[in-house]
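Peer 1: Below is the structure I would like to discuss, written out as structure tokens.
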Amino acid sequence: MGRLHPLIVHLPIGFLLLAALLNVLSYRKRYAQLQHAVPLILLLGFISAALSCITGLLLAGSGDYDTDQLANHRLAGIILAVASGSIYFLHKKIGTRALTVSLLALTILLTYTGDLGGGLTHGSGYLSLATLTQGERKLPDNPDDVLVFEDIVHPILEKKCAQCHQGGKIKGNLSVQTWESLLKGGKHGPAITPGKLKESELYKRVTLNPADEKFMPSDGKPPLTRTELAVITWWIEKADAAVGKKLKDCKDRDAIRPQIASLLGKSSTTASLSKDPATADPADTSGPPPQHINPEIPATVAVSLIDNLRKKGWMVRVMLQKPVMLDLTLPAGAAKRSIQQDLTGMEKNIIWLNLSGNNFTDTDLAFLKQLSNLEKLRLEKNPLTDAIADDLTGLHHLEAVNLNETKLTGNGLDRLRTNPSIKRIYTWHTAVKEP
């Protein structure tokens, strides 16, 4: 219930401001009738303010907020609710001018209370004149000229972490507001340890299994993308978590330049900047980061092979650029052909593969045993039998296989289970009997 507070808190803001506005407008003859709407809107403002107080008190019980800021915001919110209720119940007795003065005073109190609430969420001074008039730094066109922490790393942390680790809310006593606060860290130690990746709590948390309760960002918030994780990893390990330093002044900058160019929206320049032919394709790198990089995956793949695949109708997504991890999909209903030749030369780079709905038989897919680094495989809606299991039992990195709407039986399922790496097997609408 407490989590409803950020939603409900906007209702009294709207109602009370509307009541004050209509009251002022009603002084003009042509809008005099608006005065009759003020009491009802004021009542709605009082009710929603009371609900905001209740949900706010519940949310405050979760902790992790600055004590002084929270106390001030809580007191101001309660006074606001009481004041709006008092004005509503007394509006007939106090007269029109007194009502106007009361509503204007209520507007000032509302602004103050909102500013305190904004400080809890976004940091003190969020609505300050200095913040509102602050100009936005123009990012350089050349990735070599960016300030790595200020222009790239810190915006990532603000976007993905600041909601819980900045301003008045600092879960685990950690704030990502400044470079100094990251070094200071929280109750689990420094968030970053320059040059020491495994000792940096920030890196540990964002690379945990998403199912782990300590994984960050928590509460189902969007995790770091692979590109964002790659930049932060490089910044801590290779750039010694430097502050005030341009990319061109960092060592090993060639390894991260394509990712930084991508975050700057300069993906069109990636090919010319990268020495790695695989990174010449600025593909989508969104989604949760890989938890462990398989060292057997080749670092590169010929760009011509990817181009040829796309010309043949394949959907190709580069999941990671170094090493090159590919997610390939052959659209359902594609003209049936021998696809082994299409994939020759990139067998060890294929991590996810989708061949669903293409009428493939066991014989057509016998080459799957060569995809030694395959992790996820979709084969649903193909006339496959238990024989396909023999081609998958030797894939020691395979974690999930979808065999929905195939001819798989319990015998084939048992054979697949002999591969200890497979954690999920989907068998909907097959001959496999439910336990």
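The values are calculated or read from the model by the stated rules, or taken from the named source; none is laboratory data. These numbers were taken from a predicted model, which means no experiment stands behind them. When we count neighbours, we look across all protein chains shown, and the Cβ atoms used for this are built from the backbone with ideal geometry, even at glycine. SASA here: full protein model, heavy atoms, side chains in, ligands and nucleic acids out. Shrake-Rupley method; radii C 1.70, N 1.55, O 1.52, S 1.80 Å.
Peer 1: Projected onto the charge dipole of the chain (+1 at Lys/Arg Cβ, -1 at Asp/Glu Cβ, origin at the Cα centre), which of LEU116, PHE215, LEU343 gives the Cα projection farthest towards the positive end?
Peer 2: LEU116
Peer 1: For each pair in LYS336/LYS423; LYS184/LYS322; LYS204/LYS251; LYS204/LYS369; LYS246/LYS322; LYS187/LYS322, compute the distance between the two Cα atoms and list the pairs where it is over 25 Å.
Peer 2: LYS336/LYS423; LYS184/LYS322; LYS204/LYS369; LYS187/LYS322
Peer 1: Also: Quick check: at a probe of 1.4 Å, how many percent of the accessible area of the chain sits on carbon and sulfur atoms?
Peer 2: 57 percent
Peer 1: Relative contact order, percent, of the chain when contacts are C-alpha pairs under 8 Å separated by at least 6 residues?
Peer 2: This gives 8 percent for the chain.
Peer 1: Among LEU22, THR178, LEU51, whose Cα sits farthest toward the positive end of the charge dipole of the chain (+1 at Cβ of Lys/Arg, -1 at Cβ of Asp/Glu, about the Cα centre)?
Peer 2: It is LEU22, whose Cα lies furthest towards the positive end.
Peer 1: How big is the dipole moment of the chain about its Cα centre under a simple scheme where the beta carbon of each Lys and Arg is +1, that of each Asp and Glu is -1, and everything else is neutral? Debye, nearest 20, please. Don't jump to the answer; show the numbers that get you there.
Peer 2: Numbers: 50 positive and 42 negative charges, 284 e Å.
My answer is approximately 1360 debye.
Peer 1: Hey, another quick one. What aspartates and glutamates could a cross-link reach from LYS198, if we take a straight Cα to Cα line under 16 Å and drop same-chain neighbours fewer than 8 places away?
Peer 2: GLU237, ASP240
Peer 1: Which order do the peptides 3-9, 36-42, 228-234 take when ranked by the mean count of other beta-carbon atoms within 10 Å per residue, highest first? If you can, show how the numbers build up before the last one.
Peer 2: On the way: 3-9: 15.6, 36-42: 17.7, 228-234: 21.9.
Ranked by mean Cβ neighbours within 10 Å, highest first: 228-234, 36-42, 3-9.
Peer 1: Just order 178-189, 384-395 by mean Cβ neighbour count inside 10 Å, highest at the front, would you?
Peer 2: In descending order of packing, they fall as 384-395, 178-189.
Peer 1: To the nearest 10 square angstrom, what accessible area does GLU199 show with a 1.4 Å probe?
Peer 2: It works out to around 110 Å².
Peer 1: Once every DSSP H run of n ≥ 4 in the chain is given -39500 (n - 2.57) and the sum is divided by its residues, what mean residue ellipticity at 222 nm do you get, rounded to the nearest 500 deg cm²/dmol? Before the final figure, lay out each step's value.
Peer 2: Numbers: 16 runs with 169 residues, N = 435.
It comes out at -11500 deg cm²/dmol, rounded to the nearest 500.
Peer 1: What is the packing order of peptides 248-261, 97-110, taking the mean over residues of other C-beta atoms within 10 Å and listing the highest first?
Peer 2: 248-261, 97-110
Peer 1: Distances longer than 25 Å among the Cα atoms of region 8-116: what percent of all pairs is that?
Peer 2: Everything past 25 Å amounts to 23 percent.
Peer 1: In Å², and per residue, what accessible area does the chain have when probed at 1.4 Å with the other protein chains present?
Peer 2: Value for the chain: 52 Å² per residue.
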